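The values are calculated or read from the model by the stated rules, or taken from the named source; none is laboratory data. What you see is a predicted model, and the numbers here were worked out from it, not measured in a lab. Reconstructed Cβ throughout: ideal geometry from the backbone, glycine too, with neighbour counts over all protein chains shown.
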Amino acid sequence: MMRLVRISLALALALLIATPVMAQPPGGGGGGRRGPGGMMFGPGGRGISARTLDRLNLSTEQREAADKAIAKHAEKIKECTEKSRLTQEQRTTLMEAVQKIDREGKTPEQLRDLFQAEMKKVQKPEQAKASEELAAERKAELADVKKAIGEEKTKELEKLLAAPPGGAPKDGKGGKGTRKGRGKKTAEEPKA
């Protein structure tokens, strides 16, 4: 069972890392409020979505400043995402390579590193450079948003960004979707 969970997590992580490179349609993606602040993963890391900002319960001033910080980086992020996007042939080659990775006993971080190594083999030099620029721009965007929302809300933001997508706890225990009453019942010991 644990092996199945690890494999599932590894595949999910691999797909999430490649999302901005693989999933966007030609000509950019998103639009509306999601746009540049949409949840993105990959070489550029995780972006900041409108939903994430909503969950922080920011004041009007903080929200406007955060939106302004995201907008400041939007064009560069869009440009780097376009330049780093893989062709269909590259995506196929990458997914074939990812399927061959031995996942047994590897941490999610090790799997991410292996995936990124395979990605670099597939990318053209200009795509790799754009991926690096995208990562740097995402870091700058995050720093600007943190500055805009203040120290207290920054701590909340870091917790939200550290949580896996879907809000499940990192330890895999509890959280949304757990079923109570399942499993083997044990007799309670009498209290003294």
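When Phe115 is tested against (1) outside any helix (DSSP H, G or I); (2) within 19 Å of the chain's Cα centre (by Cα), exactly one condition is not met: (1). All conditions in (1) surrounded by 18 or more Cβ atoms within 10 Å (Cβ to Cβ); (2) part of a loop (DSSP other than H, G, I, E, B); (3) modelled with pLDDT under 90 hold for Leu16, with the sole exception of (2).
In segment 49-64, the qualifying residues are those that are hydrophobic (A, V, I, L, M, F, W, C) and not in a helix (DSSP H, G or I), and the one that is farthest from Lys155 (Cα to Cα) is Leu58.
Does segment 115-133 include one or more residues that are surrounded by fewer than 19 Cβ atoms within 10 Å (Cβ to Cβ), more than 26 Å from Leu157 (Cα to Cα) and among the polar types (S, T, N, Q)? So far as segment 115-133 goes, no, none of its residues is surrounded by fewer than 19 Cβ atoms within 10 Å (Cβ to Cβ), more than 26 Å from Leu157 (Cα to Cα) and among the polar types (S, T, N, Q).
Residue pairs whose Cβ atoms lie under 6 Å apart, separated by 6 or more positions or on different chains, with the first residue in segment 87-105 and of a type in the set (D, E, K, R) and the second surrounded by 15 or more Cβ atoms within 10 Å (Cβ to Cβ), are Arg91/Met22; Arg103/Ala10.
Looking across segment 71-99 at every residue that is within 19 Å of the chain's Cα centre (by Cα) and not in a helix (DSSP H, G or I), the one that is surrounded by the fewest Cβ atoms within 10 Å (Cβ to Cβ) is identified as Leu86. All conditions but one from (1) of a type outside the set (D, E, K, R); (2) touching a helix residue (DSSP H, G or I) at 6+ places or on another chain (Cβ under 8 Å); (3) modelled with pLDDT under 90 apply to His73; the one that does not is (3).
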